[in-house]
Amino acid sequence: MEESKEPSRRKFLKQTSFLGATAFSIPSVLDAFPTAADTGSGQNYTFLFQGDSITDGNRTRDMDWNHVLGHGYAYLIAARLWYQFPAKRFHFFNRGVSGNQVSDLMSRWQKDSIDLKPDLVSILIGVNDAQNTVYGNKNATVFSYENNYRVLLQRTKKQLPEAELVICEPFILPVGKIGDKWSDFRREISGRQSAARNLSEEFGAIYIPLQDSFNEAAEKYPPGEYWMWDGIHPMPNGHELIAREWIKQNSSGKFLTPYTGKSLSCIR
């Protein structure tokens, strides 16, 4: 009996020792942030996350801080910045609404964006616009998407001239119904990706590229369902991917400069 247990015991100890060593060898995500003592600029900085269901993240419409930021990338970003910079007293709002297109953002922009007076506005919008076109809405064109998006950004710049703009690239993967109409979805989303990128340059916004990151992740660790369960909505690890890319691209954001310490970029 004892002899049969011993090999298993040695194996277990070997595995746990390896896991312990591995845990210490993997760089911590939080180590990628400047130290908490680095205050500098960004005191009382207000962040606003806008978009569709990917941003919404099933958030509540109350002040329950377990759920008010949703359960997606906005929550992950807020959690890390709040943890690392308690002295800065950051504020975070999530105003993503499931099913929204850019035209829906226009109808609620004053109340859900301008009136909140954010210092940073982060927008992820476009997949519903693309989907509606694929399923026959002839009014949901790339031109209307870009034009309406431009109006939003113009209004923001006019009423909040100091606000920092962040434009996130809309994305998809060939999973489920998206894969069934892949050529149509790819055509429509790519047009809106180009429009979003052009607008970021036009308005001096920070651009968050996401499609290539998802493509590379799905290629390295397939299948695509591991990252997006339906080709549109990210799995928890997909939201982690977005959060890391967002943090990486915002490493020179106004809310952190000037500062001393390590780079904000996450180790990937």
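The values are calculated or read from the model by the stated rules, or taken from the named source; none is laboratory data. Treat the numbers as computed from the prediction; the structure is a model and nothing was measured. Note: ideal-geometry Cβ built from the backbone for every residue, glycine included; neighbour counts use all protein chains shown. Keep in mind that these areas ignore ligands, DNA and RNA; they rest on the heavy atoms of the full protein, side chains included. Shrake-Rupley method; radii C 1.70, N 1.55, O 1.52, S 1.80 Å.
Worth pointing out:
- Contacts under 7 angstrom Cβ, first residue in the range 138-162 being free of Cβ contacts under 8 Å to residues at least 60 places away in the same chain and of a type in the set (Phe, Trp, Tyr), partner open to solvent by less than 40 Å² (accessible area, probe 1.4 Å) and in a helix (DSSP H, G or I), 6 or more apart: 145/102; 145/129; 145/192; 145/195; 149/102; 149/195; 149/199
- Every condition in (1) of a type outside the set (Asp, Glu); (2) open to solvent by less than 30 Å² (accessible area, probe 1.4 Å); (3) over 20 Å from residue 47 (Cβ atoms); (4) at pLDDT 95 or above is met by residue 109 except one, and the failing one is (3).
- The one condition from (1) among the small types (Gly, Ala, Ser); (2) closer than 17 Å to residue 120 by Cα; (3) open to solvent by 10 Å² or more (accessible area, probe 1.4 Å) that residue 200 does not meet is (3).
- Looking across the range 128-166, just one residue is more than 25 Å from residue 185 (Cβ to Cβ), surrounded by 15 or more Cβ atoms within 10 Å (Cβ to Cβ) and of a type in the set (S, T, N, Q), and that is 156.
- Hey, residue 191 under 23 Å from residue 107 (Cβ atoms) and of a type in the set (Gly, Ala, Ser) or not: yes
- Test set (1) over 30 Å from residue 43 (Cα atoms); (2) among the aromatic types (Phe, Trp, Tyr); (3) in contact with a Leu (Cβ under 8 Å, 6 or more places away or on another chain) - residue 182 fails condition number: (3)
The rows are residues; the columns are (1) under 26 Å from residue 231 (Cα atoms); (2) open to solvent by 40 Å² or more (accessible area, probe 1.4 Å).
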| position | (1), (2) |
| --- | --- |
| 92 | no, no |
| 95 | yes, yes |
| 99 | yes, yes |
| 102 | yes, no |
| 121 | yes, no |
| 126 | yes, no |
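- Among residues of the range 240-268 that are at pLDDT below 75, those with a Cβ under 6 angstrom from a residue that is surrounded by fewer than 16 Cβ atoms within 10 Å (Cβ to Cβ) and of a type in the set (S, T, N, Q), sequence gap 6+ or separate chain, pair up as 261/35.
- Flag for residue 190 being assigned to a helix (DSSP H, G or I), surrounded by fewer than 15 Cβ atoms within 10 Å (Cβ to Cβ) and polar (S, T, N, Q): no
- Tabulated pairs, the range 78-102, first in contact (Cβ under 8 Å) with a residue 60 or more places away in the chain and more than 17 Å from residue 54 (Cβ to Cβ), second surrounded by fewer than 19 Cβ atoms within 10 Å (Cβ to Cβ) and of a type in the set (A, V, I, L, M), C-beta under 8 angstrom, 6+ apart or interchain: 80/29; 80/30
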